[in-house]
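Chemist: Okay, handing you the structure first.
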Amino acid sequence: MRRQTRWMAALAVAGVSLLATACASTSESAPESAAEAAPEAAPESTTEGAAAEGRLAVAYENGLAVLDGETLEVVDRFETEEFTRLNPFGDGRTVVVTTSQGFQVLDTAEPALTDLVFDATTPGHVVIHEGKTVLFDDGTGTTTILDTDAFGGGYDGLPESETYVADAAHHGVSIVLDDGTLVTTVGDETARTGAVALHAHDDHWDEAASSDQCPGIHGEGTAAGEAVIFGCEDGALLFQDGAFTKLTAPDDYGRMGNAYVSETSPIVVGDYKSDPDAEGYLLNALTLVDTEAVTYEVVDLPDDVQFTYRDVARGPEDLAYILATDGRIHVLDPETGGLTDAFEVVAPWEGPAEWQDPHPAIKVSGDIAYVTEPAANAVHAVDLTTGETVASAELDAAPNELAIALG
């Protein structure tokens, strides 16, 4: 049910401090606590270029596979560490594999798990926006900024990058906006408190705006008009038009940890948890943040529509698609907060004991949703305009992380 009260953002913009500096060098991360034998190699493929765009990378225990985006056939397999995370680089070909060594580069077109690694002690979030791909190292607080087309000339070496090092290491995230503004989280080993907006200037960064009004800041999303949203343990933090604004949750503890966005919609869909002591990683409510009206509200979902951080995505018509424990994809209209449809996709499932454990996930490219079903060692492609499952494939291991080589 939709909570009737619409919670307006505080009218006061979070405190802004100007011209403070921080040093720079030149060289979707673990979620929070309950708040949230290698297969044989496939034959080598020579498919490259446009025909390989939109391929999938699927991680499983001690390995990963590259799948064709239309047929879901396995193109190649690679051995890797026991647990890895996957993120698209944004060029239609490259996927970033987070390992104990850092951000390793996977070429899905060749395909090849290259030897190229962006060093990181604790590799975390990867954010793509306006031609920049930004890596965040939780272990050092280092933001690495790269051109999204950096591998256009091949994978002969690591491309040039720009870096910013936070005052203290923390589980964070950064994004670079169209005008070059770096918006990044603030925290240390004991707490995360907010975010700061920075402008590059010669050999340092100038602070343009900041806010310390976002306890437990986590996750990032960019809505229409470059409205950047972060989740807080008591609401959300919005950055737009050069300033931060705090939006307050209706509950004393109202944690939004992940933002699901469309850059053509002003409405952000976020996950929501109001009980800090709840066990497990299943959630049963969503937030709707209207970045134009600057409002924040909570939608309580039916009891059988439960999900984890992996199970919400935006898709056709800027709708939200929720892969729930009842095995169906539920369609939510962010404009109204109402559920409008549901598609049968996988068998009913239970929430994971640990967040890293394999459990169903959904990722969307165009009209197609890719869904993992670990209990069946399967991956499915679903046409979200019809609800029809258009392709399925059975793997030799339970799929865990999933990424689409988006361009």
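The values are calculated or read from the model by the stated rules, or taken from the named source; none is laboratory data. Just so it is clear, the structure is predicted and the values come from calculations on it, not from any experiment. Neighbour counts are summed over all protein chains in view; Cβ atoms, including those assigned to glycine, are modelled from backbone coordinates with ideal geometry.
Chemist: List pairs: first in region 361-389 and among the aliphatic types (A, V, I, L, M), second part of a helix (DSSP H, G or I), Cβ under 7 Å, 6+ apart or cross-chain?
Modeler: Pairs found: Leu384/Pro316.
Chemist: Next up: Wholly within region 187-270, which strands (runs of 3 or more DSSP E) include no fewer than the required count, namely at least 1 residues that are of a type in the set (Ser, Thr, Tyr)?
Modeler: Per the criteria, 192-201, 204-211, 218-223, 243-248.
Chemist: Might you let me know whether region 320-330 holds any residue that is out of contact with any strand residue (DSSP E or B) (no Cβ under 7 Å at 6 or more places or on another chain), farther than 29 Å from Thr80 by Cβ and not hydroxyl-bearing (Ser, Thr, Tyr)?
Modeler: yes
Chemist: Of these, Val305, Val331, Val390, which one is over 23 Å from Asp290 (Cβ atoms) and β-branched (Val, Ile, Thr)?
Modeler: That would be Val390, the only listed residue that is over 23 Å from Asp290 (Cβ atoms) and β-branched (Val, Ile, Thr).
Chemist: Which of the residues spanning region 366-380 are surrounded by fewer than 22 Cβ atoms within 10 Å (Cβ to Cβ) and either in contact with a Pro (Cβ under 6 Å, 6 or more places away or on another chain) or within 22 Å of Phe78 (Cβ to Cβ) (or both)?
Modeler: Answer for region 366-380, where residues must be surrounded by fewer than 22 Cβ atoms within 10 Å (Cβ to Cβ) and either in contact with a Pro (Cβ under 6 Å, 6 or more places away or on another chain) or within 22 Å of Phe78 (Cβ to Cβ) (or both): Asp367, Pro374, Asn377, Ala378.
Chemist: Looking only at region 300-339, which residues are hydrophobic (A, V, I, L, M, F, W, C) and closer than 19 Å to Asp383 by Cα?
Modeler: Result: Val312, Ala313, Leu319, Ala320, Ile322, Leu323, Ala324, Ile329, Val331, Leu332, Leu339.
Chemist: Additional query: Residues being surrounded by 16 or more Cβ atoms within 10 Å (Cβ to Cβ) and either of a type in the set (Ser, Thr, Tyr) or more than 18 Å from the chain's Cα centre (by Cα) (or both): count how many of those fall in region 118-139.
Modeler: Here the count works out to 4.
Chemist: Restricting attention to strands (runs of 3 or more DSSP E) lying wholly within region 76-137, give those where 2 or more residues are touching a His at 6+ places or on another chain (Cβ under 7 Å).
Modeler: In region 76-137, no matching strands (runs of 3 or more DSSP E) lie anywhere.
Chemist: Looking at region 329-348, I want the residues that are of a type in the set (Asp, Glu) and have a partner that is assigned to a strand (DSSP E or B) with Cβ atoms under 6 Å, at least 6 apart or on another chain. Which pairs are those?
Modeler: Asp333/Thr340; Asp341/Val331; Glu344/Arg328
Chemist: Identify, from the list Asp341, Asp357, the residue that is within 23 Å of His125 (Cα to Cα), at pLDDT 95 or above and surrounded by fewer than 19 Cβ atoms within 10 Å (Cβ to Cβ).
Modeler: Asp357
Chemist: I've got another one for you. What about Glu394, is it over 19 Å from the mean Cα position of the chain (by Cα), more than 21 Å from Val75 (Cα to Cα) and surrounded by fewer than 16 Cβ atoms within 10 Å (Cβ to Cβ)?
Modeler: Here the answer is no, as Glu394 does not meet what is asked.
Chemist: Out of Ala375, Ala369, Ala342, I need the residue that is assigned to a strand (DSSP E or B), under 24 Å from Arg85 (Cβ atoms) and among the small types (Gly, Ala, Ser). Which one?
Modeler: Matching residue, one of Ala375, Ala369, Ala342: Ala369.
Chemist: Of Tyr309, Tyr281, which residue is assigned to a loop (DSSP other than H, G, I, E, B) and surrounded by 24 or more Cβ atoms within 10 Å (Cβ to Cβ)?
Modeler: Matching residue, one of Tyr309, Tyr281: Tyr281.
Chemist: Right, another one. For region 241-254, give me the residue count where each residue is closer than 19 Å to Thr184 by Cα and buried (at least 19 other Cβ atoms within 10 Å of the Cβ).
Modeler: 4
Chemist: With the requirement that a residue be surrounded by fewer than 21 Cβ atoms within 10 Å (Cβ to Cβ) and either within 18 Å of the chain's Cα centre (by Cα) or at positive phi (or both), what does region 217-240 give you?
Modeler: Residues satisfying the conditions are Ala224, Gly225, Glu226.
Chemist: Can I ask one more? So Tyr296 clears everything in (1) farther than 30 Å from Glu61 by Cβ; (2) within 19 Å of the chain's Cα centre (by Cα); (3) surrounded by 22 or more Cβ atoms within 10 Å (Cβ to Cβ) except one condition, right? Which one?
Modeler: Failed condition: (2).
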